[in-house]
Amino acid sequence: MTDASPHSDPQSSAADSAMMEAVTTTPEPDALPEPVRARLERVTHSVLVDTRSLEAVRRRFDDEQAASLGRYLAAAQSANTLRAYRSDWVAFTAWCGQEGRQALPADPVDVAVYLAAGADALREDEPARWALSPATLERKAAAIAAVHGANGLASPTRTEVVRMTLRGIRRRRRALPNRKRPVVLSTLETLLAERPPPGHPTGVARRRDALLLLTGFAGALRRSELAGLSLDDVAVDSDPTTGEPLLVVRLSATKTDQEARHAHQVALPRGRRPATCPVCAFAQWARVLEVHRDGGDPGVRALLEGQDPEETDPVHLCHTYTGTDLADGSARPLFPSVDRHGRIAARAMSGQAVGSLVKRYAERAGLDPKVFGGHSLRSGFATQAALGGASDREIMRQGRWTNARTVHGYIRTANPLEDNAVTRLGL
């Protein structure tokens with residue numbers, strides 16, 4: 001999420017205030033006006049920040065101090081949460097407009113009816129499936145509560161009618177979580193084999209995706225964590241016991257540590273083979289990025305149109321690799337977007353793009369892309385580690401899990417007979 005400038009254009013600030021006024025009042029009966037929707041998608045400040053309070057700060061202090069306060073208030077929630085809350089608030093205000101109800105402050109019965117209607121909604125493309133899960137409906141209720149709280153209003157979701165409605169939805173719609181299938185080691189090798197061919201322009205994505213898949217798997221990283229990595233976050237080190245090379249990946253904010261209070265580090269050891277070695281993959285990809293920095297797209301073309309050592313000499317590069325000078329504090333994305341012409345963008349891939357990448361390779365391999373996603377790499381680590389005999393403590397350390405029950409679920413999935421009395425029945 002981009003911070004607002006303390007010296008932003010007054011007309012832009014006025015437009016943002018007008019936009020906020022539009023989404024916190026009841027819209028026209030049909031729906032929110034299209035300009036309001038478009039503006040809401042582009043706005044960088046939080047829908048949870050009370051603009052009237054900030055205006056009071058401007059009157060008591062000055063614009064710069066108000067802008068400083070606004071930036072920190074906007075940073076209180078993650079970008080993903082804010083994006084979801086914006087979408088949820090638009091949907092609720094549009095529904096209120098259609099039903100002739102008031103969105104702010106909302107009547108608790110109106111909120112309960114809105115959630116109940118959402119629970120009964122079916123997918124247009126698949127009428128046999130529900131459109132919204134209980135978890136999504138709970139998030140919608142949280143968004144309504146958050147916007148009310150930001151405006152100094154009592155939350156309608158704390159009333160008994162809303163709480164009982166959500167409880168009833170959970171009881172009526174009991175179902176196992178729709179977990180993505182884990183990418184275990186054999187599946188990972190299958191996905192790696194489906195990368196584009198070497199050479200230019202496909203060799204750019206080939207190298208980037210090798211590192212992404214290996215890092216996500218060995219590091220048990222979430223798709224948002226992968227997308228957020230910069231070259232400054234990765235360092236080449238060595239195992240103090242064996243002297244073998246390894247990568248150390250530093251994570252700042254994570255899903256369970258959004259304020260980055262804990263300095264999470266993830267170690268990625270050398271692989272047994274060059275094709276599954278994260279250090280070799282990093283060396284290969286960093287070389288492409290170095291050439292791109294110094295010679296642009298023509299330089300990358302010249303590099304990849306020559307002899308590619310990844311193909312002509314598939315040996316380990318990691319023993320002599322010492323790192324890259326791209327880790328210079330400029331926060332270059334480790335996984336930038338790459339187009340079909342092999343052009344490397346300055347922006348990083350999104351978390352959604354990471355999930356789509358896994359699905360795309362699964363489909364190429366003849367697997368069902370619907371059951372795979374970005375989380376498949378993280379769950380695949382836990383499942384493969386359990387199959388290899390790792391303890392739950394070891395799995396939790398690498399995956400930064402704090403709840404042992406989550407890890408036990410992966411272990412049961414990997415080997416349902418592990419520590420199970422059924423093996424002693426003598427059948």
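The values are calculated or read from the model by the stated rules, or taken from the named source; none is laboratory data. For clarity, every value in this text was computed on a predicted model and none was experimentally measured. Ideal geometry is used to build each Cβ from the backbone, glycine not excepted, and the neighbour counts take in all protein chains shown.
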Inset, instruction - Give the residue, chosen from Thr159, Thr190, Thr202, that is touching a Pro at 6+ places or on another chain (Cβ under 6 Å), in the same structural domain as Leu326 (by TED's automatic domain parsing) and of a type in the set (S, T, N, Q). - result: Thr202
Inset, instruction - Could you please give the count of residues in the range 108-143 that are in contact with a helix residue (DSSP H, G or I) (Cβ under 7 Å, 6 or more places away or on another chain) and in a loop (DSSP other than H, G, I, E, B)? - result: 1
Inset, instruction - Restricting attention to the range 143-183, report how many residues are surrounded by fewer than 19 Cβ atoms within 10 Å (Cβ to Cβ) and of a type in the set (Ser, Thr, Tyr). - result: 1
Inset, instruction - Specify the residue that is surrounded by the fewest Cβ atoms within 10 Å (Cβ to Cβ); the eligible residues are those in the range 190-242 that are in a loop (DSSP other than H, G, I, E, B) and β-branched (Val, Ile, Thr). - result: Thr241
Legend entry - Odd one out for Gln102, checked against (1) in contact with a Cys (Cβ under 7 Å, 6 or more places away or on another chain); (2) surrounded by 15 or more Cβ atoms within 10 Å (Cβ to Cβ); (3) not basic (Lys, Arg): (2)
Inset, instruction - Answer yes if at least one residue in the range 313-328 is in contact with a helix residue (DSSP H, G or I) (Cβ under 8 Å, 6 or more places away or on another chain), within 30 Å of Thr81 (Cβ to Cβ) and of a type in the set (A, V, I, L, M), and no otherwise. - result: yes
Legend entry - Evaluation of Lys140 against (1) closer than 15 Å to Ala91 by Cβ; (2) surrounded by fewer than 17 Cβ atoms within 10 Å (Cβ to Cβ); (3) among the basic types (Lys, Arg) (one fails), failing number: (2)
Inset, instruction - Go through (1) without any contact (Cβ under 8 Å) to a residue 40 or more places away in the chain; (2) at positive phi and name the single condition Arg400 misses. - result: (1)
Inset, instruction - Can you tell me which residue within the range 64-78, out of those that are assigned to a helix (DSSP H, G or I), surrounded by 13 or more Cβ atoms within 10 Å (Cβ to Cβ) and out of contact with any helix residue (DSSP H, G or I) (no Cβ under 9 Å at 6 or more places or on another chain), is modelled with the lowest pLDDT? - result: Arg71
Legend entry - Number of the condition not met by Ser356 [criteria: (1) without any contact (Cβ under 8 Å) to a residue 24 or more places away in the chain; (2) outside the structural domain of Leu191 (by TED's automatic domain parsing)]: (2)
Inset, instruction - Could you please give the count of residues in the range 148-169 that are modelled with pLDDT of 90 or more and part of a helix (DSSP H, G or I)? - result: 13
Inset, instruction - Could you tell me whether any residue of the range 237-255 is of a type in the set (Ser, Thr, Tyr), under 22 Å from the mean Cα position of the chain (by Cα), closer than 20 Å to Gly216 by Cα and modelled with pLDDT under 90? - result: yes
Legend entry - From Arg139, Arg123, Arg101, Arg129, residue being of a type in the set (Lys, Arg) and closer than 17 Å to Thr165 by Cα: Arg139
